[in-house]
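No lab work stands behind these numbers, since they all come straight from the coordinates. Every value quoted in this text rests on a predicted model; they were computed, and no experiment measured them. Using ideal geometry, Cβ is built from the backbone for each residue, glycine included, and neighbour counts are taken over all protein chains shown.
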Amino acid sequence: MSAFVKFQSSIAASDKLIKMYNELRLSRDLGKRGALTSTNKDLFWILRSSVVASISALDTYIHTVLNDQIPKLLSENNISEVLASEMSSLIPIKNASSFKAAYPLISSRDISQRLSIKLHEKTLQFMSFQAPEKIIFAYDMINQPDIFDKIAATWSGPKTTGEEIKRKLANYVKRRNQIAHEGDHDHQGNVRRIQPKYANECEDFIKNIVNRLNKIVYP
């Protein structure tokens, strides 16, 4: 399964959650729009779940791209400084015993694939590629520097410079973390407001980013 097909499968969860919100409104005779009463505000958690799902779909996409691209770059000896730095920690040969431990790996015929798997197991699987700086790091690893400027170059309309796209993504990621880690409560202990428009716009924004990322790496 390609990275983009996997993303489409992941982002579908966000869309289904928004549809579920709308269907539950109708099933409760609340109509398609309008404020919810206190007894129905549980429905807002479906929208919050949609935001979490959208950001998670982006994270999953980038992990899949790295797992696909890193072994190829290693086999071609097209290794960025960032990737070389990450790889250097995998084979710390300092003495005879560490050489013996590393030899089965460095002598392997499929060393590129095995190194990529080892990097994933030791480092990448524990990293989150959601915040702009983490995405920059990921794409620097696979020889795609200035990734947000590249995204911006194909994104027309207002507020679509690289810096503005990064800022908007950072805000969505911040809200995702507030939902996932803080129950979406503000500093006063009140639950933040959310509307279907916010969840829809978050999903569309993530789709736009991934569509452009995919064309950059897989033209």
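Observations
- Across all C-alpha atoms in the stretch 98-219, the radius of gyration and Dmax reach 19.2, 59 Å.
- Separation of the residue 30 and residue 211 label points, Cα + 7 Å toward Cβ, nm: 3.0
- The Cα-based radius of gyration and maximum Cα-Cα distance (Dmax) for the stretch 1-127 are 22.9, 74 Å.
- Selected from 84, 199, 135, residue furthest toward positive end of dipole (the chain; charges at beta carbon): 199
- Test item: Cα-centred dipole of the chain, Lys/Arg +1 and Asp/Glu -1 on Cβ, debye: 460
- Computed from the Cβ-Cβ distance with R0 of 25 Å, the FRET efficiency linking residue 39 to residue 16 stands at 0.55.
- Fully extended contour minus Cα-Cα distance, from residue 68 to residue 23, at 0.36 nm per residue: 12.4 nm
- Taking the three principal axes of the alpha carbon atoms in the chain, the coordinate ranges are 71, 39, 35 Å, sorted in descending order.
- Inter-probe distance in nm under a simple model that places probes 7 Å from Cα toward Cβ, at residue 163 and residue 181: 2.6
- The stretch between residue 127 and residue 78 holds 15.3 nm of extra length on full extension. This uses 0.36 nm per residue minus the Cα-Cα distance.
- Candidates 35, 131, 152, ranked by Gaussian network fluctuation over the chain, Cα under 10 Å, top entry: 35
- Long-range HN-HN contacts of residue 184 with modeled amide H, under 5 Å: 179
- Given their separation in residues at 0.36 nm each and the Cα-Cα distance between them, residue 190 and residue 5 gain 62.8 nm when the chain is fully extended.
- Counted by neighbouring Cβ atoms within 10 Å, the residues 1, 87, 20 run from fewest to most as 1, 20, 87.
- In the stretch 66-131, trypsin sites (Lys or Arg not before Pro) in a DSSP loop with at most 11 other beta-carbon atoms within 10 Å: 94, 109
- FRET E, pair residue 118, residue 204, Förster distance 30 Å, beta-carbon r, rounded to 0.05: 0.20
- Within the chain, helix-based [θ] at 222 nm, where runs of 4 or more DSSP H residues each add -39,500 (n - 2.57), nearest 500: -22500 deg cm²/dmol
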